[in-house]
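Peer 1: Here you go, one structure.
The values are calculated or read from the model by the stated rules, or taken from the named source; none is laboratory data. As the structure is a computational prediction, the values presented were derived from the model and not from experiment. No Cβ is skipped: glycine too gets one built from the backbone with ideal geometry, and neighbour counts run over all protein chains shown.
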Amino acid sequence: MAEPLKNIYTEDFLRLFGERVQTAYSSFDTQGFIHQVMDESWNELELKARMRRISLTLGTFLPSRYEEALAVLFAIDEHCSGFPYLFFPDFVEVYGQGEEHWTLSMEALERFTQKSSAEFAVRPFLLREPERMMRQMTVWAGHPSEHVRRLASEGCRPRLPWGQALPIFKRDPAPVLAVLEQLKADPSLYVRKSVANNLNDIAKDHPEAVIATARRWKGTHPDTDWIVRHGCRTLIRKSIPEVMAMFGYAEETNGSPLVTEASFTADPAVLKLGDSCELSYTLQLREGDPVRVRIEYGIDFVKARGQVSRKLFLLSDKNVPGGTLLTGTRTYRFADLTTRRHYPGAHRITLLVNGQEAASTEVELQF
């Protein structure tokens with residue numbers, strides 16, 4: 001089993017960090033800092049709570065004036081890069097939200113994000129003063145550093161994983177889309193991935209806005225086309241017809257179905273929790289021009305109260321000649337995960353081609 005990420009914050013890590021702080025602030029009490037961070041509740045804290053504990057404790061052991069404390073961090077941040085040092089921008093989030101600190105905090109976030117990431121730390125600023133902060137994001141979108149440009153996108157994602165949600169942009173994504181407009185052909189893949197993920201977030205609340213943006217952007221630049229395709233992935237999974245058409249997925253033509261024959265089987269058809277079954281499919285596509293096909297299977301998982309909830313799994317997404325016979329297998333294991341529990345009952349499994357049901361089978365899960 002992989003080591004929990006929270007365990008990056010060892011006593012040795014904190015001691016090395018404290019020694020670095022001492023080079024810029026000689027009165028820093030490294031041992032006292034470690035003792036207060038790793039108190040009796042430390043083992044119970046998860047990753048983000050440990051980051052916050054370090055930030056809060058720094059506020060106790062660094063100079064009490066925010067400006068002086070930041071000066072210490074500025075003096076050593078060149079040697080404090082990477083994921084573990086997310087507590088640098090977190091320190092700004094905790095202590096730098098006062099109006100009198102605004103300019104310095106923006107400087108600090110811009111600086112620290114180039115060593116780790118300030119994508120979480122900017123969100124309380126956005127929640128409190130969204131218009132002012134989005135003006136700052138607009139400035140950052142033109143920054144020479146790819147890390148700062150990424151912050152302009154990643155920081156305002158309405159549904160950033162691990163981050164506070166931004167309800168104001170769930171309601172109205174227009175300010176976010178205005179920032180993304182500046183980044184739609186960014187030379188950095190690091191930035192383009194963030195733009196695509198931001199679009200995908202927006203698509204969950206405002207699919208029409210993302211479809212309109214995709215139509216406007218598509219074909220303007222190869223890098224932008226990649227963003228558009230990746231940013232529409234949720235809409236593609238939902239098989240929204242105009243989105244499927246935009247990306248060239250074939251559909252019924254003049255009454256001629258895309259799939260002329262299909263079979264789908266599961267072996268074995270009766271399983272116990274933890275067992276695996278092999279899913280096998282055969283698809284005969286219509287004759288004619290080459291077509292793009294997206295092949296998925298969906299399992300209608302039985303829930304605790306007997307209702308079902310479908311989860312889709314991608315099998316293939318490619319262009320193929322007309323008349324192609326497609327075959328394939330995939331193994332699925334009915335084992336509980338942290339994100340999914342299995343319950344006994346009949347589970348319908350459906351084979352989908354470009355969002356349309358082509359065949360189905362069923363397995364019985366017994367406990």
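Peer 1: Could you list, in sequence order, the residues of the stretch 112-141 that are over 22 Å from residue 167 (Cα atoms) and more than 23 Å from the chain's Cα centre (by Cα)?
Peer 2: Matches in the stretch 112-141: 139 only.
Peer 1: Can you tell me which residue within the stretch 144-160, out of those that are in a loop (DSSP other than H, G, I, E, B) and not hydrophobic (A, V, I, L, M, F, W, C), is surrounded by the most Cβ atoms within 10 Å (Cβ to Cβ)?
Peer 2: Here the residue is 155.
Peer 1: Please indicate, with yes or no, whether at least one residue in the stretch 240-253 is of a type in the set (S, T, N, Q) and free of Cβ contacts under 8 Å to residues at least 40 places away in the same chain.
Peer 2: Step one: of the stretch 240-253, the residues of a type in the set (S, T, N, Q) are 253.
Okay, now just the ones that are also free of Cβ contacts under 8 Å to residues at least 40 places away in the same chain, so 253.
Yes, some residue in the stretch 240-253 is of a type in the set (S, T, N, Q) and free of Cβ contacts under 8 Å to residues at least 40 places away in the same chain.
Peer 1: So, in the stretch 42-86, exactly how many residues are free of Cβ contacts under 8 Å to residues at least 12 places away in the same chain and farther than 22 Å from residue 110 by Cα?
Peer 2: Total satisfying the criteria: 5.
Peer 1: In addition: Determine if the stretch 226-236 includes at least one residue that is in contact with a strand residue (DSSP E or B) (Cβ under 8 Å, 6 or more places away or on another chain) and in contact (Cβ under 8 Å) with a residue 24 or more places away in the chain. Step through it out loud before you land on a result.
Peer 2: So the first thing to find is which residues in the stretch 226-236 are in contact with a strand residue (DSSP E or B) (Cβ under 8 Å, 6 or more places away or on another chain), and the list is 236.
This time we only want the ones that are in contact (Cβ under 8 Å) with a residue 24 or more places away in the chain, so: 236.
Taking every residue of the stretch 226-236 in turn, at least one turns out to be in contact with a strand residue (DSSP E or B) (Cβ under 8 Å, 6 or more places away or on another chain) and in contact (Cβ under 8 Å) with a residue 24 or more places away in the chain.
Peer 1: Output the number of residues of the stretch 99-123 satisfying the condition of being buried (at least 20 other Cβ atoms within 10 Å of the Cβ) and without any contact (Cβ under 8 Å) to a residue 12 or more places away in the chain.
Peer 2: 0
Peer 1: Can you tell me which residues in the stretch 51-72 are surrounded by 19 or more Cβ atoms within 10 Å (Cβ to Cβ) and closer than 19 Å to residue 8 by Cβ?
Peer 2: 51, 53, 54, 55, 57, 58
Peer 1: Anything in the stretch 1-32 that is assigned to a loop (DSSP other than H, G, I, E, B), more than 23 Å from residue 67 (Cβ to Cβ) and among the polar types (S, T, N, Q)? List them, or say none.
Peer 2: Of everything in the stretch 1-32, just one residue is assigned to a loop (DSSP other than H, G, I, E, B), more than 23 Å from residue 67 (Cβ to Cβ) and among the polar types (S, T, N, Q), namely 10.
Peer 1: Related question: Could you please give the count of residues in the stretch 161-200 that are under 23 Å from residue 247 (Cα atoms), free of Cβ contacts under 8 Å to residues at least 40 places away in the same chain and in a helix (DSSP H, G or I)?
Peer 2: The number of residues fulfilling the criteria is 9.
Peer 1: Could you pull out the residue among 57, 103 that is in contact with a helix residue (DSSP H, G or I) (Cβ under 8 Å, 6 or more places away or on another chain) and either in a helix (DSSP H, G or I) or outside the structural domain of residue 138 (by TED's automatic domain parsing) (or both)?
Peer 2: Values: 103 fails: in contact with a helix residue (DSSP H, G or I) (Cβ under 8 Å, 6 or more places away or on another chain).
Answer to the selection: 57.
Peer 1: Looking at this structure, is residue 331 at pLDDT 95 or above and surrounded by fewer than 12 Cβ atoms within 10 Å (Cβ to Cβ)?
Peer 2: The answer is yes for residue 331.
Peer 1: Name the strands (runs of 3 or more DSSP E) wholly inside the stretch 255-318 in which the number of residues that are within 25 Å of the chain's Cα centre (by Cα) and of a type outside the set (Phe, Trp, Tyr) is 1 or more. Before you say what the answer is, go through the steps one by one.
Peer 2: On the way: elements: 259-267, 270-272, 276-285, 291-302.
Strands (runs of 3 or more DSSP E) meeting the threshold: 291-302.
Peer 1: Ok, one more. In the stretch 60-97, how many residues are touching a helix residue (DSSP H, G or I) at 6+ places or on another chain (Cβ under 8 Å) and part of a loop (DSSP other than H, G, I, E, B)?
Peer 2: Adding up the residues that qualify gives 5.
Peer 1: Then there is this: Pairs, please: C-beta under 6 Å, at least 6 apart or cross-chain, first residue modelled with pLDDT under 95 and in the stretch 201-213, second surrounded by fewer than 24 Cβ atoms within 10 Å (Cβ to Cβ)?
Peer 2: That search, which allows pairs on different chains as well, returns nothing.
Peer 1: Which residues, taken from the stretch 25-58, are over 27 Å from the mean Cα position of the chain (by Cα) and of a type in the set (Val, Ile, Thr)?
Peer 2: Passing the criteria: 30, 34, 37, 57.
Peer 1: Go through (1) at pLDDT below 95; (2) under 23 Å from residue 315 (Cβ atoms) one by one and return the number of the condition residue 254 breaks.
Peer 2: (2)
Peer 1: With the condition kept exactly as written, say whether any residue in the stretch 230-249 is acidic (Asp, Glu), under 24 Å from residue 147 (Cα atoms) and either part of a helix (DSSP H, G or I) or under 23 Å from the mean Cα position of the chain (by Cα) (or both).
Peer 2: Looking through the stretch 230-249, none of the residues is acidic (Asp, Glu), under 24 Å from residue 147 (Cα atoms) and either part of a helix (DSSP H, G or I) or under 23 Å from the mean Cα position of the chain (by Cα) (or both).
Peer 1: Oh, and also: What are the residues in the stretch 335-367 that are touching a His at 6+ places or on another chain (Cβ under 6 Å) and within 27 Å of residue 235 (Cα to Cα), if any?
Peer 2: Of everything in the stretch 335-367, nothing turns out to be touching a His at 6+ places or on another chain (Cβ under 6 Å) and within 27 Å of residue 235 (Cα to Cα).
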